[in-house]
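Colleague: One structure, as structure tokens, below. Some questions next.
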Amino acid sequence: KAKLFLFLVGFFTLLSCNQETEKVEKKDTYVVDNYTKKEVDIIMRDGVKLHTTIYTPKDTSKEYPILMQRTPYSSRPYGEGKMKTKIGPNVHLMKEGNIVVYQDVRGRWMSEGVYDNMRAYIPNKAENQSDEVSDTYDTIDWLINNVENNNGKVGTWGISYPGHYATISTIDAHPALKAASPQACIGDFFFDDFHHNGAFLLSYFRAISLFGTYKDTPTDSAWYSYPKMNSQDQYQFFLDKGPLKNLNEYFQYDKLDVNTTASKDKIDDFFWKEIVEHPNYDSVWQSKGIIQHLDKVPSTVATMIVGGWFDAEDLYGPLETYKGIEKNGEGNYNTMVFGPWDHGKWSRNTVRNTVGNYYFGDSISLKFQSEIETKFFNHFLKGEGDKNSGLPEAYVFDSGRKEWKSYDSWPPKNVVKQDWFLSEDQELTNGKKGTKGISFISDVKRPVPYSEDIKTVFTPRKYMTDDQRFAARRPDVLVFETDVLTEDYTLAGDILAKLKVATTGTAADWIVKVIDVHPSDVEEDNETLQDHLKMSNYHLMVRSEVLRGRFRNSFENPEPFKPNKKTAVNIKLQDVFHTFKKGHKVQIQVQSTWFPLIDLNPQTYVDNIYKADEADFKTQTHTVFTDSSIEFSVLK
Ligand code: PG9
């Protein structure tokens, strides 16, 4: 019996080990099985070496294009010699058969040099002077002359900051660069990520640590140099913190000269100091913006700009990048794809596509990857490379009807501007009704939350589709809505809020939200009953934006309000493509706090809010006048 028992113990132990091995084998080993990995340091024109990882197909019987991504988030596989078995979400591009290259940008991780956030482009560089454009040019030159089996054609792509470097690659582009796909690409840090129209994205505070301490390989400490706010109620955490200057304690604030950009041997808090010392859109931010240089994209580079209609981090960037190349590029092949995604979601392999609580459909990202992105790169890097790519100029998802549409321009040609007025009986009417003022108390001790479910994550990526019913029922949120629509109403393009306001104070923020009010008895094709019930009377936020009132006339030269003086404040809300279906209502909400998505405005004018004192923060009464209007771009 003892022998039998020992045999059985041994047998089942072996079996379980085997199952364990079985599980490991199930990991995606495509890259390991089909690619070799090499790490090289490529020397730039000024002698600085940039660390570069090169994945080459093992099948050397044919040539391949080079797909390159330059990144501040580390190109080096974790650990020495190991290969990432899955190259992030882009393994579909490897399965197409490409040489894939990742590079640490100057000053980051394994590359030499000094890092500078959104390093400014230098138009007429001296001989050995460098910037990101020259680093990209030098890298492409080295790759096509040194990587075996390449077909002499290069593509670039990336999402978010890597997307910005893909935009950089198109400027004064190397002749071997044939295709670039900047995705969720940062356009300007004063309007993307950390600021929205001058307000500071307080909820992004932790993201500043992205540019924190340097390590040879990414380690957790580079990402979490602050208290683990995940364990905190962020609304209460930041409310208790008080003025922004109380956040300096998380940085070695006084040790760094604001003009000293980071270097690898220092705790890199210069970015926070840059934000604090430059509260206005001055030459520091202006020089970093890339939109102004899009007249330098040659027609030899085909571009496909990708973005998400609900991207909370980079919406300004991809929209302005597409429009900038369109405006400046003589005959460039320049297209855009905008889908129902939050930040970078189109690169995920999830089947069920949602943003926050809202469901848009299945396999939307997967089809984009296989039918759009892959087709774009194959055409320009392996195929004809002419303008007949078979892809549309604008491939855009109607977030109301939940369907894709193709247009030969964006916005579509049959779009007209239409004004709706905010009337005193909480109506959104298409005829001006008087100039009465509607007032509310803006209490800095009880600011309007930006969501009912404040995400305690790295950055608030999902709030853009949150239900806004909770806000509609607050006295410090003004609500204006149409009657129930008797036919579909489609917005396609940007929105301009033309407010007439006043305040008892001398400073104020203004937030406008465009909301699709769903009917109570929802006929939506929601997957499950609870989805169905959740959607009853759902107030879907379709678009939202803030303007820090001091910047109403100029982002460079702020000015206070005169107390109780009726003042014009115009706020541009980024493009949408959304059908408000028959039976729904269009609702506008106007408020002055949005916490802690953005920082609190003291509501008394101070030169620099990052240095404001507790005593500067005062509750005020704000007024919105009913000759305020909202200009929609309506698809006829
Ligand atoms: N643009 C995104 C970001 C940059 C910096 C801080 C937080 C977010 C991104 O690169 O993901």
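The values are calculated or read from the model by the stated rules, or taken from the named source; none is laboratory data. It should be emphasised that the depicted structure is a prediction, and the values quoted were computed from it without experimental measurement. No Cβ is skipped: glycine too gets one built from the backbone with ideal geometry, and neighbour counts run over all protein chains shown. All accessible areas refer to the heavy atoms of the entire protein, side chains included, with ligands and DNA or RNA removed. Shrake-Rupley method; radii C 1.70, N 1.55, O 1.52, S 1.80 Å.
Colleague: Show me, for the stretch 392-408, the HN-Hα J-couplings you get by feeding each phi into the Karplus relation (A = 6.51, B = -1.76, C = 1.60, θ = phi - 60°), rounded to Hz, glycine and proline as x.
Modeller: x, 5, 9, 10, 10, 9, 6, 6, x, 7, 6, 8, 7, 9, 10, 10, 8
Colleague: Shifting gears a bit: For the ranges 404-412, 431-439, what's the packing order if you count other beta-carbon atoms within 10 Å of each residue, average per peptide, and put the highest first?
Modeller: On the way: 404-412: 16.0, 431-439: 13.6.
Peptide ranking by packing, descending: 404-412, 431-439.
Colleague: For a quick check: with amide H placed at 1.01 Å from N, whose amide H comes under 5 Å from residue 281's, ignoring anything fewer than 5 positions away on the same chain?
Modeller: The list, which skips near neighbours in sequence, is 556.
Colleague: Would you mind getting the accessible area per residue of the stretch 129-171, heavy atoms of the protein chains only, 1.4 Å probe, in Å²? Display every interim value, and only then the final one.
Modeller: Values: 1050 Å² over 43 residues.
Ligands and nucleic acids excluded, the result is 24 Å² per residue.
Colleague: Hey, if we sort 632, 555 by accessible area with the 1.4 Å probe, largest down, what's the order? Could you put the intermediate results ahead of the total?
Modeller: Numbers: 632 0, 555 55 Å².
Correct descending sequence by accessible area is 555, 632.
Colleague: Turning to a different aspect of this structure: Would you compute, for the Cα atoms of the stretch 464-584, the largest minus smallest coordinate along each principal axis and list the three values in descending order, in whole Å?
Modeller: Computed over the stretch 464-584, the largest-to-smallest principal extents equal 51, 30, 24 Å.
Colleague: Something else about it: Once neighbouring chains are kept in place and the probe is 1.4 Å, which whole percent of the accessible area of the stretch 527-611 is contributed by carbon and sulfur?
Modeller: Details: 1480 of 2960 Å².
Carbon and sulfur together cover 50 percent of it.
Colleague: Give me the aspartates and glutamates in straight-line cross-link reach of residue 37: C-alpha distance below 19 Å, same-chain residues under 8 apart excluded.
Modeller: Cα-Cα hits under 19 Å: 28, 59, 63, 80, 96, 104, 148, 216.
Colleague: If I take all pairs of Cα atoms in the stretch 153-198, what percentage of them are more than 17 Å from each other? Show your work: numbers first, answer last.
Modeller: Details: 374 of 1035 pairs.
In whole percent, the long-distance tail amounts to 36.
Colleague: Please list, in chain and number order, the residues 5+ apart from residue 195 or on another chain whose amide H is under 5 Å from its amide H, with Hs placed from the backbone.
Modeller: 201
Colleague: Can you run phi through the Karplus equation (6.51, -1.76, 1.60; θ = phi - 60°) for the stretch 555-563 and list ³J(HN,Hα) in whole Hz, with x for Gly and Pro?
Modeller: Each residue of the stretch 555-563 in turn: 6, 8, 10, x, 8, x, 7, 8, x Hz.
Colleague: Another question about this same structure. What order, most packed first, do the peptides 503-511, 324-332 have when packing is the mean number of other Cβ atoms within 10 Å of each residue? Display every interim value, and only then the final one.
Modeller: Working: 503-511: 23.4, 324-332: 16.1.
The packing order, highest mean first, is 503-511, 324-332.
Colleague: Another one. Compute the distribution of all C-alpha to C-alpha distances in the stretch 364-431, in bins of 5 Å from 0, and list the percent of pairs in each, rounded to whole numbers.
Modeller: Percent of pairs per bin, in order: 3, 13, 15, 16, 14, 11, 8, 6, 6, 4, 3, 1, 0.
Colleague: Right, something else. Just the number please: accessible area per residue for the stretch 344-499, 1.4 Å probe, all protein chains included, in Å². Each step should come with its number before you reach the end.
Modeller: Working: 6980 Å² over 156 residues.
Each residue of the stretch 344-499 exposes 45 Å² on average to a 1.4 Å probe.
Colleague: What's the ranking of 562-568, 158-164 by average number of surrounding C-beta atoms within 10 Å, highest first?
Modeller: Working: 562-568: 12.4, 158-164: 26.9.
By packing density, highest mean first, the sequence is 158-164, 562-568.
Colleague: Tell me the carbon and sulfur percent of the accessible area for the stretch 279-364, rounded to whole percent, probe radius 1.4 Å. Before the final figure, lay out the partial values.
Modeller: Details: 1160 of 2450 Å².
Carbon plus sulfur share of accessible area: 47 percent.
Colleague: Would you mind getting the accessible area per residue of the stretch 521-636, heavy atoms of the protein chains only, 1.4 Å probe, in Å²? Before the final figure, lay out the partial values.
Modeller: On the way: 4260 Å² over 116 residues.
I get 37 Å² per residue for this part.
Colleague: Of the heavy-atom accessible surface of the stretch 391-508 (probe 1.4 angstrom), what whole percent is carbon and sulfur?
Modeller: Working: 2580 of 5180 Å².
Ligands and nucleic acids excluded, carbon and sulfur reach 50 percent.
Colleague: Let me ask something else about it. Along the stretch 56-64, what does the Karplus equation 6.51 cos²θ - 1.76 cosθ + 1.60 (θ = phi - 60°) give for ³J(HN,Hα), rounded to whole Hz, x for Gly and Pro?
Modeller: Going residue by residue, I get 10, x, 5, 6, 8, 7, 9, 9, 9 Hz, with x marking Gly and Pro.
Colleague: Follow-up. Over the stretch 325-403, what is the mean sequence separation of C-alpha contacts under 8 Å (at least six apart), divided by residue count, expressed as relative contact order in percent? The partial results should precede the final answer.
Modeller: Values: 78 pairs, mean separation 25.5, N = 79.
After rounding, I find 32 percent.
Colleague: Moving on to the next point. For the pairs 273/323; 38/58; 62/345; 417/565, note any where the Cα-Cα span goes beyond 24 Å. Don't skip to the answer; put the middle values down first.
Modeller: Details: 273/323 32 Å; 38/58 12 Å; 62/345 33 Å; 417/565 29 Å.
Violating the 24 Å Cα-Cα cut-off are 273/323; 62/345; 417/565.
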